[in-house]
2 protein chains.
Amino acid sequence: MLVGLKVNAQQDLVKYVRPIIGTQKMGHTFPGATVPFGAVQLSPETDTLSYEFNGKYNGDVYKYCAGYKYEDKNIVGFSHTHFSGTGHSDLGDFLIMPTQGKLQLNPGTSNDTKSGYRSAYSHANEIVEAGYYKVKLDDDNITAELTATTRVGMHQYTFPKSYDSHIILDLMAGIYNYDDKNVWTYVRVVNDTLVTGYRQTNGWARTRTVYFAMTFSKPFKSYGQKNYDEDQVYRGFWRKFDQNKNFPEIAGKRIRMYFDFKTDEQEKVKIKFALSPVSQANAVENMKAEAPGWDFNKVKQQAQSDWNKELNKIKIDASADDKTNFYTAMYHAFINPTTYTDVNGEYKGLDQNVHNADGFTNYTTFSLWDTYRALHPFFNIMQPSRNNDVVKSMMAHYEQSALKMLPIWSHYANDNWCMSGYHSVSVLADAIIKGVYDGDATKALEACITTANHRNYEGIGDYIDLGYIPAERSGTSVSNTLEYAYDDWCIAQIARKLGKQSIYEKFLKRSGNWVNNYDKSIGFMRPKMADGTFKKDFDAMSTHAQGFIEGNTWNYSFFVPHDPNGMIAQMGGKKKVELRLDSLYTMHLPDKFFADTEDITRDGIIGGYVHGNEPAHHVAYLYNWIDQPWKTQQRVRMILKMQYKATPDGLGGNDDCGQMSAWYIFSSLGFYPVSPGSDEYSLGSPSIKSAQLTLENGKTFTVEALNQSDKNVFVSKVLLNGQPVTKYTIKHGDIMNGGKLTFYMTAKPKNK
Amino acid sequence: MLVGLKVNAQQDLVKYVRPIIGTQKMGHTFPGATVPFGAVQLSPETDTLSYEFNGKYNGDVYKYCAGYKYEDKNIVGFSHTHFSGTGHSDLGDFLIMPTQGKLQLNPGTSNDTKSGYRSAYSHANEIVEAGYYKVKLDDDNITAELTATTRVGMHQYTFPKSYDSHIILDLMAGIYNYDDKNVWTYVRVVNDTLVTGYRQTNGWARTRTVYFAMTFSKPFKSYGQKNYDEDQVYRGFWRKFDQNKNFPEIAGKRIRMYFDFKTDEQEKVKIKFALSPVSQANAVENMKAEAPGWDFNKVKQQAQSDWNKELNKIKIDASADDKTNFYTAMYHAFINPTTYTDVNGEYKGLDQNVHNADGFTNYTTFSLWDTYRALHPFFNIMQPSRNNDVVKSMMAHYEQSALKMLPIWSHYANDNWCMSGYHSVSVLADAIIKGVYDGDATKALEACITTANHRNYEGIGDYIDLGYIPAERSGTSVSNTLEYAYDDWCIAQIARKLGKQSIYEKFLKRSGNWVNNYDKSIGFMRPKMADGTFKKDFDAMSTHAQGFIEGNTWNYSFFVPHDPNGMIAQMGGKKKVELRLDSLYTMHLPDKFFADTEDITRDGIIGGYVHGNEPAHHVAYLYNWIDQPWKTQQRVRMILKMQYKATPDGLGGNDDCGQMSAWYIFSSLGFYPVSPGSDEYSLGSPSIKSAQLTLENGKTFTVEALNQSDKNVFVSKVLLNGQPVTKYTIKHGDIMNGGKLTFYMTAKPKNK
């Protein structure tokens, strides 16, 4: 009996999470503190270039997407918003840095940290946990600790004895602050412990404002600012005050502030820093609601308890390293999308008006080109309520869109239109097909159709008229056509479910457009000219302006997730496809490939298969369609091993808001959603020994992999609730009804 | 009986209003359309310098305070917000210009209007009325008409037949857009008739955002924008659209938009343009509530009816010119403060949060250094409800102020801290003493005290410690001390009324500080050094960095409005003061004076008396204190004649949000509030024949001037309700109780 109870009891799974994974090389994850789907990601910045304003910031747009690189030797401060794993950058709002001694308002340089507020640190003095980050700042002998609630970041700084301790609030700082991204900042020092304000930026999000409320655990003795703006004629009147010192109403484009304290030896000065998309008043309300007290450990324990609750939804039996990878993947999968609603239900809409989220939580940070593939399908199993709200957030976005488009890649009440396709429709279709969306599906279908018919968006007009996008008119003509075709199939699925036959047929027809870019003569997808001929100069290896984005035709030619059989037929049958798939995983790539390709290193590649970018994420499962499931099993296990390591450099490519991690979770459990919008999962080879999925509906789905080992990667038999599974697939309902999926593992491929 | 009825019937007084008065030379009034205390002031811009963005705008900060100068030969467009009569500039939001033919998005130059959207016009084709403005734009043969509601500007453009008619919305334009005042603009084209957005500026108001909703009477056929911003790295993604043409989600710092129409001969295209301090959504709501239809004439009639209602509060019998001056003064007095609340009660507070005005209308545009003198006292007679709300708005400002200060010079949720003193306390005191303020007077007193004890604001610390401000530390040390002393007396009056004896005594003592700057040896107020000696180099004529602002010691030495008798005693008695007053009005000023003095021309000066600036506005009434009331009578009538003419150049100085006009109204009625905060008015010489003041409390106060004429400027006898008035004063209660004040006019001074 006791044993049985133990299985259902909450385990301490936070100990397996290593947020440091992915902070080196291309993972672009951040090591700081956040709670599941939190609005705050409080994390250190290590950008080695000076933050000093000099008209231009010469930083690397990619390298510091998450603000922190493991290889850097010093920390410039701790800011409150971060993307997790993206391939482009923004955020880094409200940089806080504790110092003592002479006040230095400039950050200083990486080579000479003593020249500014920046500080050296060492990984030996760093603790990185889910919901908790700690580091010793060597320059001033200050220990920094960070934790968070959904909307509040909490800092705890342990100072030495000093009459001149400072907390710096750098409002000029930001991630990739190229071209002076700041539009405006405003700060109001309400009293000697409370400060509120906002920061407005023009970056990847074109029009973004984040409001804050910041409170100190003890009153500062004095404070001040430096305004780096150019002078202007009206300032004469402002000189009636000394506005640089103890002046509480501050505004400008380029501002750094400081707050002075006297500290005793080992005295802890704490800060609570709340965010809001709507107003300072809401930020204050968020703070009161979520973090009323000053017990740092209590907030930390709550954050870790929140993580534990989410992590316990899947309990696995696996090796220690696999557990670390698995629960770190769970952690990374549950960071995005991020909460974009205040505790009172208000949020800023795409139309820049304030809205009330009636009956749902509004979310943002939709890296959809990535996350439609496995993250949202994963949510439809493990976070259906949340994914329901995600769809509602997308529908709100659509309703607020003057363009009348669903989100492409959206964050903080903006769309940045990054990457190809209109993959919101995949998220909507998957949620509707799987019964997760409880809103108006007819409206959702209408939103999908309107989006898909937006003729002046990235070649859609040509796509509708010609069935493909002429190569003359777009550098990403083929990937767009392929992705639109898949998306159209998703729309058709919704229409079918709703019994809208003519819409179903129309979009099913459009979903066949992929074939228009397939060149039988070479056996590859290939850019096609307006006159119907294929583009002459064509290098199948190239990822550069050859019709594809973040991938070459070797990878993209397999991108027909909704119709692998049709693709196989076009390619000349199963044998030819097997050869092509084998070549993909075993080919040798020239160095030139890496020089030309964004966001990827040799780490993210197996042969010519690019796991570090997303377009081929389903490819290993295609062997199931050509009756070579043992190759799927082998490839999947190889990818799991090679592309996911429990080390800072353990991710072979950008985690992309959890997509890389969601791939890991699915694949390690033994199944994968090759074509979201379908209710089928394709079977692979589980890397866990067993897993127990506790579903929101109260049911339990168990995966067992008998005789599991690093050598026993092949599947000899699969039973679902004791009945043989013969088609390499299971249905969504099979999971959601609860039950047991048993893989019989062996060292010998079954059908070799 | 019929005659009796006629007296009480509403008269057409709008016909006497000439908004063009003050648009030439230094009046700084605007000719466009507004309603009483409206949020919208829709008026033409004639700035002769190019609006083209070139990094710097080299315009004149003073000349174009109101956007329009009568002497200019062309119009650049029509914008929605204007100050009336200020001596510094801001606003000019949302410039609209109709054109036809080839689209030109640059404004062009004054010398060559055909080079841009600017157009020539002539005063012969201009109609300027209260609430209505009409002009023919010669370049493109378009007639423009403007009218307004409180929060909505309405445009009516009569086009010729053209396939290429355009409405330009220039979001870069603004009044005195020095140093690129724009911080950010956002525009959302909701559909083919509705556009919303906002403009955010960093100008005289440091952090100002105005939201708008704009709707057209007929759908545009196409639209577009030009963005003059520098490129930035993220824009690559935005190029998925052609964002310059028919793209509905627009944001940037420097944007010009256009909307294209096909027009028939004489076709009218109308625009309704609503403003909000809070949000686009509120702007839409304001538009729906105030201007639901498209009948331009109906809106115009309502605007003029609104004006008539306000103007009819005082009916006068006077010469045609005097009626024009009087009702134009009424008009100018009732433009400011401006409404700063949406129809739903929301407004943006000084803390940049959205607040709900519970039970009052929130107002802004407080040019208090000017308006405390006569405008707010005038409101306490004729607009007590509104002035009650003005005080509530000031108290809300105080409560939202991190500085804990009442407004100094505030507009649009900002304080610009312009000019000397803390004259809000005068407005509060006058409203409390006169029983107009129905809020918590104890809180109001607390706000006054906190403001007056703000040690680090413009010498207050020194003033408190030393009783004056050392000349070394301020260029306006004397005017500040004098004005603080008066303000302190106001605070004392509130304290006395509330029975707070110790506060009363403390501030009454402070109100005597004026004496510390009086140098008996020369008989003038004079800057004093920290060591207690008077400043050596001192030129009594100078207005420049000699301790005074907008005035010299000849004018400022009389600035003890709360204690003329004390001042007279210091100055050596009545005879000496009479000589000094006479000299002031008759002296000859050197040309150098005009070169050194801001905001003034010879037109604004009589002898050395500067009526065009405010500090001496009470001075003509001081003769009453030295038993020479006939000289008050003579001077007042002279000032009324010389400083107020019914012509575009008719104002001798800035109207200053109605203070110059309020002086006119009081003085032409025969009494003036020398020391607001007291319940007494000092009598002068009425220039009307009779006047009937219809009070909010239902009572009527009548002023009669028997035998009134240009020659009969002297008062031989005054009766109040038949009883002789002997002390040259009447009480506020005498007016508010209703009754009749009868002046017996004569050509011979009574006590000469």
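The values are calculated or read from the model by the stated rules, or taken from the named source; none is laboratory data. This structure is a prediction, so every number in the text was calculated from the model and none was measured. Cβ coordinates were reconstructed from backbone atoms using ideal geometry, including for glycine residues, and neighbour counts include every protein chain displayed.
Listed by first and then second residue, the pairs with beta-carbon distance under 9 Å, at least 6 apart or on different chains, first residue in the stretch B:351-365 and more than 14 Å from chain A (Cβ to nearest Cβ), second in a loop (DSSP other than H, G, I, E, B) and among the hydrophobic types (A, V, I, L, M, F, W, C), are B:361/B:37; B:363/B:37; B:364/B:39; B:364/B:413; B:365/B:83; B:365/B:335.
Within the stretch A:708-736, the residues that satisfy the criterion of being hydroxyl-bearing (Ser, Thr, Tyr) and either under 30 Å from the mean Cα position of the chain (by Cα) or not in a loop (DSSP other than H, G, I, E, B) (or both) are A:716, A:728, A:729. Summed over the stretch A:435-444, the residues that are closer than 20 Å to residue A:486 by Cα and either surrounded by 23 or more Cβ atoms within 10 Å (Cβ to Cβ) or in contact with a strand residue (DSSP E or B) (Cβ under 9 Å, 6 or more places away or on another chain) (or both) give a count of 1. Does residue A:167 qualify as being over 29 Å from the mean Cα position of the chain (by Cα) and hydrophobic (A, V, I, L, M, F, W, C)? It is true that residue A:167 is over 29 Å from the mean Cα position of the chain (by Cα) and hydrophobic (A, V, I, L, M, F, W, C).
Of the set (1) over 26 Å from residue A:608 (Cβ atoms); (2) touching a residue at least 40 places away in the same chain (Cβ under 8 Å), all apply to residue A:726 but (2). Taking each residue of the stretch B:55-77 that is outside the structural domain of residue B:104 (by TED's automatic domain parsing) and surrounded by fewer than 18 Cβ atoms within 10 Å (Cβ to Cβ) and looking for partners that are at pLDDT below 95 and in a loop (DSSP other than H, G, I, E, B) with beta-carbon atoms closer than 6 Å, six or more apart or interchain, yields nothing.
Here is a yes/no grid of residues against (1) within 12 Å of chain A (Cβ to nearest Cβ); (2) aliphatic (A, V, I, L, M):
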site: B:408; (1), (2): yes, yes
site: B:431; (1), (2): no, yes
site: B:437; (1), (2): no, no
site: B:450; (1), (2): no, no
site: B:453; (1), (2): no, no
site: B:475; (1), (2): yes, no
site: B:484; (1), (2): no, no
site: B:504; (1), (2): no, no
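When we screen A:662, A:620, A:569 for residues that are part of a helix (DSSP H, G or I) and surrounded by fewer than 19 Cβ atoms within 10 Å (Cβ to Cβ), the only hit is A:569.
Checked against the criterion of being within 14 Å of chain A (Cβ to nearest Cβ) and not in a helix (DSSP H, G or I), the stretch B:313-328 has no qualifying residue. Could you tell me whether any residue of the stretch A:164-179 is among the hydrophobic types (A, V, I, L, M, F, W, C), in a strand (DSSP E or B), touching a residue at least 60 places away in the same chain (Cβ under 8 Å) and within 9 Å of another protein chain (Cβ to nearest Cβ)? The answer is no, given that none of the residues of the stretch A:164-179 is among the hydrophobic types (A, V, I, L, M, F, W, C), in a strand (DSSP E or B), touching a residue at least 60 places away in the same chain (Cβ under 8 Å) and within 9 Å of another protein chain (Cβ to nearest Cβ).
Looking at this structure, is residue B:360 at pLDDT 95 or above and assigned to a helix (DSSP H, G or I)? Criteria not met by residue B:360. Of all the numbered requirements in (1) away from every other protein chain (no Cβ under 14 Å); (2) surrounded by 18 or more Cβ atoms within 10 Å (Cβ to Cβ), residue A:464 misses one, and that requirement is (2). Of the residues making up the stretch A:180-211, those that are over 31 Å from the mean Cα position of the chain (by Cα), part of a loop (DSSP other than H, G, I, E, B) and facing another protein chain (nearest Cβ under 9 Å) number 2. The set of residues from the stretch A:531-545 being touching a residue at least 40 places away in the same chain (Cβ under 8 Å) and either crowded, with 16+ Cβ neighbours inside 10 Å or touching an Asp or Glu at 6+ places or on another chain (Cβ under 6 Å) (or both) comprises A:535, A:541, A:542, A:543, A:544.
Within the stretch B:287-338, the residues that satisfy the criterion of being crowded, with 23+ Cβ neighbours inside 10 Å and among the aromatic types (Phe, Trp, Tyr) are B:307, B:326, B:327, B:331, B:334. No other residue among B:70, B:132, B:57 is modelled with pLDDT of 95 or more and either of a type in the set (Lys, Arg) or under 24 Å from residue B:204 (Cβ atoms) (or both) apart from B:70.
Just wondering, is there one or more residues in the stretch A:681-693 that are without any contact (Cβ under 8 Å) to a residue 60 or more places away in the chain, in a strand (DSSP E or B) and of a type in the set (Gly, Ala, Ser)? So far as the stretch A:681-693 goes, no, none of its residues is without any contact (Cβ under 8 Å) to a residue 60 or more places away in the chain, in a strand (DSSP E or B) and of a type in the set (Gly, Ala, Ser).
Inside the stretch B:366-405, residues that are more than 14 Å from chain A (Cβ to nearest Cβ) and assigned to a loop (DSSP other than H, G, I, E, B) make up a count of 4. For the criterion of being in the same structural domain as residue A:551 (by TED's automatic domain parsing), more than 21 Å from residue A:659 (Cβ to Cβ), aromatic (Phe, Trp, Tyr) and not in a helix (DSSP H, G or I), residue A:457 passes.
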